[in-house]
1. Answer yes or no as to whether Leu200 is outside any loop (DSSP other than H, G, I, E, B), out of contact with any strand residue (DSSP E or B) (no Cβ under 7 Å at 6 or more places or on another chain), open to solvent by 30 Å² or more (accessible area, probe 1.4 Å) and in contact (Cβ under 8 Å) with a residue 60 or more places away in the chain.
2. Search the stretch 43-67 for residues that are open to solvent by less than 40 Å² (accessible area, probe 1.4 Å) and of a type in the set (A, V, I, L, M, F, W, C) and pair each with any residue that is modelled with pLDDT of 80 or more and not in a helix (DSSP H, G or I) when their beta-carbon atoms are under 6 Å apart and the residues are at least 6 apart or on different chains.
3. Which numbered condition in (1) part of a strand (DSSP E or B); (2) crowded, with 18+ Cβ neighbours inside 10 Å; (3) out of contact with any Asp or Glu (no Cβ under 7 Å at 6 or more places or on another chain) is the only one that Ser191 fails?
4. Which strands (runs of 3 or more DSSP E) does the stretch 102-187 wholly contain that include 3 or more residues that are more than 30 Å from Tyr238 (Cβ to Cβ)?
5. Could you look through the stretch 218-242, keep only residues that are within 31 Å of the chain's Cα centre (by Cα) and farther than 24 Å from Thr178 by Cα, and pick out the one that is surrounded by the most Cβ atoms within 10 Å (Cβ to Cβ)?
6. Go over the candidates Leu136, Leu120 one by one and state the one that is surrounded by 15 or more Cβ atoms within 10 Å (Cβ to Cβ) and farther than 19 Å from His72 by Cβ.
7. Under 8 Å between Cβ atoms, at least 6 apart or on separate chains: pull out the pairs that start in the stretch 212-233 with a residue that is in contact (Cβ under 8 Å) with a residue 24 or more places away in the chain and outside any loop (DSSP other than H, G, I, E, B) and end on any residue that is open to solvent by 70 Å² or more (accessible area, probe 1.4 Å) and of a type outside the set (Gly, Ala, Ser).
8. Across the stretch 68-92, which residue is most open to solvent (accessible area, probe 1.4 Å) among those that are polar (S, T, N, Q) and assigned to a helix (DSSP H, G or I)?
Amino acid sequence: MADLRDIKEALALEPLSFLGLGVSVGDALAGLVALLVTWLLASMVRRGIRRYGARHPDANQATLYTFSRLLHYMILGFGALVALQVAGVPLSQFAVFTGAIGVGLGFGMQAIFSNFVSGLILLFDRSLKVGDFIELDKETRGVVKSIDIRSTLITTNDNIDVLVPNSEFVTKRLVNWTHGSLNRRIRIAFSVDLDVDKELVKKAALDAALQVPFTLASSGPKRPQLWLMGGEGSSMDYILAVWLTEAASRRNSAVRAAYLWELDSAFKRHGVVNALPRSEIRFSRASARSFEDTFEGQEAASVNDAKEEAQMAAEEAQSRM
């Protein structure tokens, strides 16, 4: 009985009484249990929604993810309020903790709070969704895997995971390749010899585009097109514009390589000479002779200068003796 009495006395202690909060140890433990139960409930709900998405692949996965995250936050927030009530903390006295949180935000939690709010903005705004293919810079492209409290997980085509703070998606520029539509157009620039007939070039380029499985359509408004961009020197510049399928929207480098491969094969089949950019320096006989005379003159001047320096050094040595 004495042990039980000691336990009751320990649970009845109020360690935060100096702050004006009459919260006992037992009430605090009850609040923690309520918070733990709430967290388990939120996790079970998220897991159930994830299983539903796995069983129904035709469902909008981005919408399911957004709904699960928002519901998760709502359950945790409601659980926090319940835990405070169970712990016996009046909401009127909770202003003390609110002030402490405000001080913490002022001394180093600004980034965490900013990323949390930015994550909520992304979930509500839906300008960035799970499953989107985005480009942060020329070196970083990938699929959005998750939007968490602090950061967003992006997995590149090389299976590299990149964690980006949520605030960067709100304050900085980014390219979302799949925001409004899963289909996009790619432009392949190339040059051919000036003497090649442009109709032959068109036939070879369009034939190459139809050989690539990423081409969306062979006819209609989104059929492949060849644009003549002009000429410079001994070559003519063209652009092959192709609308891509959904599977190609997340494979930028591989898609471009596939079209370049087929273009080279089609050009060889049709006898089209591909003009590679080059830089040439040419000399006529007169310019070559002028260059040779100049070089010989510079060499003779260098020899004379060397002789004069040697003679001056000898005279200086004799004067010292």
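The values are calculated or read from the model by the stated rules, or taken from the named source; none is laboratory data. What you are looking at is a predicted structure, and each value in this text was computed from that prediction instead of being measured. Quick reminder, even Gly has a Cβ in these numbers, built from the backbone with ideal geometry, and neighbours come from all protein chains shown. Side chains included, ligands, DNA and RNA excluded: accessible areas come from the protein's heavy atoms. Shrake-Rupley method; radii C 1.70, N 1.55, O 1.52, S 1.80 Å.
1. Working: outside any loop (DSSP other than H, G, I, E, B): yes; out of contact with any strand residue (DSSP E or B) (no Cβ under 7 Å at 6 or more places or on another chain): yes; open to solvent by 30 Å² or more (accessible area, probe 1.4 Å): yes; in contact (Cβ under 8 Å) with a residue 60 or more places away in the chain: yes.
Yes, satisfied.
2. Short answer, once both residue conditions are applied: Ala62/Lys129; Ala62/Val130; Ala62/Gly131.
3. (3)
4. On the way: elements: 133-137, 140-147, 151-156, 161-165.
Answer list for the stretch 102-187: 140-147, 151-156, 161-165.
5. Among those residues, the one meeting the criterion is Tyr238.
6. Numbers: Leu120 fails: farther than 19 Å from His72 by Cβ.
Just one listed residue meets the conditions, Leu136.
7. Matching pairs, first to second residue: Leu226/Lys202; Leu228/Lys198; Gly231/Leu194.
8. In the first step, residues of the stretch 68-92 are kept if they are polar (S, T, N, Q); the result is 68, 85, 92.
Remaining after also requiring assigned to a helix (DSSP H, G or I): 68, 85.
Values: Ser68: 9, Gln85: 113 Å².
Checked the stretch 68-92; the qualifying residue most open to solvent (accessible area, probe 1.4 Å) is Gln85.
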